[in-house]
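Peer 1: This is the structure I want to talk about, given as structure tokens.
Please treat every number below as a calculation from the coordinates, not as lab data. Every value quoted in this text rests on a predicted model; they were computed, and no experiment measured them. For neighbour counting, all protein chains shown are included, and Cβ atoms are generated from backbone atoms with ideal geometry for every residue, glycine included.
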Amino acid sequence: MRNEIVNLLKKENKLSDNTIDELKNINIDDFSNIVKEIGKEETTYIKADEISKDLQTEYIGKDLYIYNEVSSTNTLAKFLSMNGAENGTVIISEKQTKAKGRSGKSWESPLGGVWLSIIINPIVDYSKLPLITLATGVAVAKTMERIGVENSEIKWPNDIMINGKKVCGILTEAVTKFNTIESVIIGVGIDANLNVTDFPEELQEGTTTLKEELKKEGNENLLIKIFLEEFEKINELFIAKEYEAILKEWRKRSYSIGKIVEVREPFNTYYDAYVLGISKEGALIVEKIDGTLEKVISGECIIKN
Ligand code: BTN
């Protein structure tokens, strides 16, 4: 049974009751207990004891589940959050087979990166979700600063860039019940101990890795520990509704403000605009060629200069 579950975790895009039913003779509670047990087994290089040693957090990462290989840590985090995982639980995988990126794209996750998802159980409405994502971007940028990358920047809404190349992406997903948010899954992918050549050719030009920027291998466990600490600090600001403080940190590190971009919103024609700033809801404020101002809430902004 354990091996069947390990295979299912690698394979499935969704962990629905149906996929679990296929395993026969197992109820959802037993299934989730085995999934949790597997997440406490020894893995190759991501080590719970190294992350937990001196971890300066109250609740983020106090419960850690680490896997050799899963389809997507976000998928697993959603499942675990619906099956009793606590606020602050972190799911990590050394490798992902069907990782999700923003806008329905896939995400390359070979061995050597940091691929994790955090479950938070906030009492928030949908309008505050973009701010959680921006806050996570700030936590990643501060993590980079603590490991010696001085010049990381945040491209709206949440790509972390070094010297104009992407080193980290963030995917926030909500777990809802009766149209209210039960929990938020924050998925973070950092290209840590990787070479750009580990990625498919079409991604190589726009991608960088910590190993290449710092010109040495780093310690993934230390990187995760630092990130969890920075995330909890910024999450506390979020809980205290200190939104302006979060935005101030974001603006200081903005890669987007002052640039000309092509705005690609869902269900809208693309247009060029100049990025003026960020609104208190976390939307990008842009000026179109005809001088009108727009707020971009979701989508992509491709930098043109
Ligand atoms: C992006 O497109 O920039 C977002 C990428 C988010 C990737 C991370 S890796 C950990 C977590 N699990 C996933 O399936 N996706 C996120």
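Peer 1: Going through the DSSP H helices of the chain, which span 24 Å or more along their own axis at the Cα atoms while scoring at least 0.0 as a mean Kyte-Doolittle hydropathy?
Peer 2: Working: long enough: 129-146 (26 Å, 0.87); 220-239 (28 Å, 0.47).
Helices meeting the criterion: 129-146, 220-239.
Peer 1: Arrange 107, 250, 156 by Cβ neighbour counts within 10 Å, fewest through most, would you?
Peer 2: Details: 107 18, 250 23, 156 26.
Taking fewest neighbouring Cβ atoms as first place, the list is 107, 250, 156.
Peer 1: What FRET efficiency do you get for residue 178 and residue 248 if R0 is 41 Å and r is their Cβ-Cβ distance, rounded to the nearest 0.05?
Peer 2: Details: r = 35 Å, r/R0 = 0.86.
The formula returns an efficiency of 0.70 here.
Peer 1: Fewest first, what order do 86, 265, 230, 201 take by the number of other Cβ atoms within 10 Å? All intermediate terms of the calculation are to be shown ahead of the outcome.
Peer 2: Working: 86 12, 265 15, 230 23, 201 7.
Fewest-to-most Cβ neighbours within 10 Å comes out as 201, 86, 265, 230.
Peer 1: Counting other beta carbons within 10 Å of each Cβ, put 28, 160, 289 in order, fewest first.
Peer 2: Details: 28 14, 160 28, 289 10.
So the ranking, lowest neighbour count to highest, is 289, 28, 160.
Peer 1: Additional query: Return a whole-number percent for the relative contact order of the chain, with Cα pairs under 8 Å and 6 or more residues apart as the contact set. Could you put the intermediate results ahead of the total?
Peer 2: Numbers: 609 pairs, mean separation 45.0, N = 305.
Computed value for the chain: 15 percent relative contact order.
Peer 1: If packing is taken as the mean number of other Cβ atoms within 10 Å per residue, what is the order of 43-50, 272-279, highest first? If you can, show how the numbers build up before the last one.
Peer 2: On the way: 43-50: 14.9, 272-279: 17.4.
So the order, starting with the most tightly packed, is 272-279, 43-50.
Peer 1: Using a Cα distance threshold of under 19 Å, what count of lysine pairs results for segment 41-100 when pairs must be 8 or more residues apart or interchain? Spell out each step's value before the answer.
Peer 2: Values: 47/62; 47/95; 53/62; 62/78; 78/95; 78/98; 78/100.
Lysine pair count for segment 41-100: 7.
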